[in-house]
1. Say whether the condition of being of a type in the set (Lys, Arg), closer than 23 Å to Phe90 by Cβ and at pLDDT 80 or above is met by at least one residue in the stretch 6-14.
2. What's the number of the condition Phe74 fails, among (1) within 13 Å of Ala183 (Cα to Cα); (2) over 16 Å from the mean Cα position of the chain (by Cα); (3) modelled with pLDDT under 95?
3. Could you tell me whether Val181 is among the aliphatic types (A, V, I, L, M), touching a helix residue (DSSP H, G or I) at 6+ places or on another chain (Cβ under 6 Å) and closer than 22 Å to Phe90 by Cα?
4. When the stretch 1-53 is examined, which residues are found to be within 22 Å of the chain's Cα centre (by Cα) and among the aliphatic types (A, V, I, L, M)?
5. Does any residue of the stretch 52-68 turn out to be of a type in the set (Lys, Arg) and within 20 Å of Ile188 (Cα to Cα)?
Amino acid sequence: MVSEMIAELSKRMSLFLCKKEIVEQEMAEVYQYGFEIIFSTLIGFFITIAIGAVFRMFLVSLVYYFAFVALRQFTGGYHANTYLKCNLIFAASTTFIFGMAKIVAYGTYPISFHVLLLFFSLVAIWFKTPVENENKPLSEEQKICNHRISMIVAVIFSGISCFAYQKWVLISATIALTLFVIALMAVIANPSREEENES
């Protein structure tokens with residue numbers, strides 16, 4: 001239902017641009033896909049803000065969304081087959097991250113656990129990404145590029161998370177848990193990059 005609404009709205013907008021001769025007819029499908037991406041991104045953003053408001057973590061939710069989008073676009077991961085399922089999984093993941101971040105930030109959050117989360121995330125991202133979407137295949141060059149960028153982004157956010165550990169534990173925990181969930185999605189979606197290369 002949601003996916004059909006987004007697709008229909010995107011189609012109408014692209015056809016409107018063609019009718020007004022703003023874009024060429026042969027580019028209609030490209031613009032339609034672009035509008036679908038924009039709408040799904042906006043939905044994800046509003047889901048994040050809404051859950052952040054419930055947890056009283058508005059500013060932290062902005063940090064989370066930026067970290068999630070910045071890394072996930074290069075790592076890939078588990079992809080649901082409909083927008084509704086995708087948004088439900090995203091909402092569940094966001095709720096889990098915010099809930100856990102609040103629990104550990106205002107309870108006991110030892111540095112050893114923090115380091116363990118980041119270590120697992122970096123190892124998983126190194127060995128399991130990028131995860132290729134069957135609807136959006138990557139060339140070998142793109143895979144190599146995405147893998148390198150994934151590691152760079154993950155290392156940068158890990159560094160920020162460690163730096164924030166002393167003064168801003170909630171932000172530190174949120175970033176670490178975000179990396180963990182993204183890495184876990186990659187592990188679930190991609191059995192092994194080595195196995196793929198051997199097959």
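1. no
2. The single condition Phe74 does not satisfy is (2).
3. On the way: among the aliphatic types (A, V, I, L, M): yes; touching a helix residue (DSSP H, G or I) at 6+ places or on another chain (Cβ under 6 Å): yes; closer than 22 Å to Phe90 by Cα: yes.
Taking the combined requirement at face value, the residue satisfies it.
4. Within the stretch 1-53, Val2, Ile6, Ala7, Ile37, Ile38, Leu42, Ile43, Ile47, Ile49, Ala50, Ile51, Ala53 meet the criteria.
5. So far as the stretch 52-68 goes, no, none of its residues is of a type in the set (Lys, Arg) and within 20 Å of Ile188 (Cα to Cα).
The values are calculated or read from the model by the stated rules, or taken from the named source; none is laboratory data. Predicted, not measured: the structure shown is a model, and the values here were computed from it. Note that we place each Cβ from the backbone using ideal geometry, even for glycine, and neighbour counts take in every protein chain shown.
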